[in-house]
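J.: Quick one: structure below, then a few questions.
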Amino acid sequence: MPLPSIRRTLARGLFVAAAWAAVGPPPECAIAVSEPALSREPTWSIPTASAVRLKVEQWPAGSVSQETVDPTRAAAVRAAWNDVAAGRRDLLDTVVDAIGDHEPRAAQLVATVARGQDPPIEWLDDPATDAFVRDALTLWWGRELVRRDRFDEALPLLERLEVGDSVDPATVLFHRAACEHWLLKIDEAIESLDRLLERESEIPVRYASVARLLRADVAALEKGSLDHIARRMRDVTRRLDLGSAGPTTREVQDGVMASLDELIKRLEDQQQDQQGESSSGAGSGSGQGGGGRPMEDSRIARGRGTGEVRKRDLAPGESWGNLPPHDRERALQQIGREFPPHYREAIEQYFKRLSTGAEDR
């Protein structure tokens with residue numbers, strides 16, 4: 001690889017290290033959410049545990065008379081609803097358990113997830129499936145996907161749920177916002193978080209506290225900034241950790257590359273005057289001939305080209321982010337000589353992650 005390419009790879013690597021360091025909690029001064037977002041009239045309501053229980057019992061399959069239900073199970077169901085009313089048990093879990101008592105496919109879905117496997121959910125889209133069952137189980141599975149960091153799979157499920165019709169609208173809005181926040185859908189995340197915080201005093205404290213932090217964080221995020229690029233890198237790492245190296249992941253990687261090139265080019269332009277002075281000083285002090293001494297490798301050279309990146313097809317066995325072994329070692333040695341040690345470690349880890357997971361999903 002030519003030396004200028006190594007320099008650009010080094011520059012990208014340094015931005016990677018700085019970007020990873022830049023990702024952190026928002027400053028305390030940014031935690032407050034603007035009052036106008038919270039002062040509007042609520043657009044949704046929270047059903048009581050009694051109202052949800054009535055809805056479950058009025059569901060056709062759930063309206064079986066208590067005489068036909070095992071007495072032990074009936075007592076357990078009553079105890080579960082009492083725990084929900086007292087705040088000791090999760091409402092959505094209780095609803096899904098109650099559905100599973102009368103719908104074997106729902107019970108199978110929960111058991112499959114408990115084994116760490118993906119359940120068959122095609123039957124939820126069957127027109128014959130009761131809407132109450134479909135919405136409750138879609139929300140439950142979407143929440144499980146969020147807990148597994150599979151945000152891009154969870155979001156389409158959560159987006160199709162009507163907040164006003166849900167047995168647990170706060171869970172719909174919170175987990176939808178969590179997906180949008182991670183996937184950097186800034187406007188959508190702000191809208192979901194603002195709706196959730198309309199009922200801040202009524203939703204669970206954990207939802208309200210995290211929602212305020214997410215709202216302040218995403219509102220301060222600037223597209224194209226180093227922080228924004230770092231979060232996209234983090235998303236690539238998440239996808240690769242989940243074994244997803246398909247077209248969507250490569251599209252995100254290409255976007256990161258383009259954003260890094262744009263950011264580097266912008267900084268090169270900002271430093272052009274300073275670099276011009278350095279080049280002039282080096283040329284005048286070089287003696288006869290005016291050839292000047294070579295520029296230090298650690299500097300960003302004054303660009304003469306268009307700043308465009310040539311795309312090329314990867315050969316068999318190659319993957320995005322790879323360098324030939326001798327060039328990679330040469331680049332890392334240079335980092336070790338001229339930059340703090342943690343830069344080398346951060347860059348090695350980042351490119352190692354990008355070099356794994358060659359199979360498409």
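J.: What FRET efficiency do you get for A107 and L221 if R0 is 41 Å and r is their Cβ-Cβ distance, rounded to the nearest 0.05?
T.: 0.45
J.: Fewest Cβ neighbours within 10 Å first, please rank R115, R40 accordingly.
T.: Ordered from fewest to most neighbouring Cβ atoms within 10 Å, R115, R40 come out as R115, R40.
J.: Something else now. Could you tell me which residue out of N82, L196, T48 lies farthest along the dipole of the stretch 34-219 toward its positive end? Charges go on the beta carbon: Lys and Arg +1, Asp and Glu -1, centred on the Cα centre.
T.: Positive-end residue among those listed: N82.
J.: Let me ask something else about it. Using alpha-carbon pairs under 8 Å, 6+ residues apart, how would you state the relative contact order of the stretch 34-219 in percent?
T.: 21 percent
J.: Measure off 7 Å from each Cα along the Cα-to-Cβ vector at L54 and R266, then give the distance between these two points in nanometres to one decimal.
T.: Computed distance between label sites L54 and R266 equals 5.6 nm.
J.: Among W123, W141, rank each residue by its count of other Cβ atoms within 10 Å, from fewest to most, as a rough exposure measure.
T.: Lowest to highest Cβ neighbour count: W123, W141.
J.: Here is a follow-up. To the nearest µm²/s, what D does Stokes-Einstein give for the stretch 34-219 at 20 °C and 1.002 mPa s, using the Kirkwood radius over alpha carbon pairs as Rh?
T.: 123 µm²/s
J.: Quick check: pseudo-label points 7 Å beyond the Cα along Cα→Cβ at A131 and R238, how many nm apart are they?
T.: About 3.2 nm separates the two model spin labels.
J.: Within 10 Å of each residue's Cβ, count the other Cβ atoms and sort R266, R206, R195 from fewest upward.
T.: Fewest-to-most ranking of R266, R206, R195: R206, R266, R195.
Every number in this text was worked out from the coordinates using simple rules, so none of it is lab data. Remember, predicted model here, so these are calculated numbers, not experimental data. No Cβ is skipped: glycine too gets one built from the backbone with ideal geometry, and neighbour counts run over all protein chains shown.
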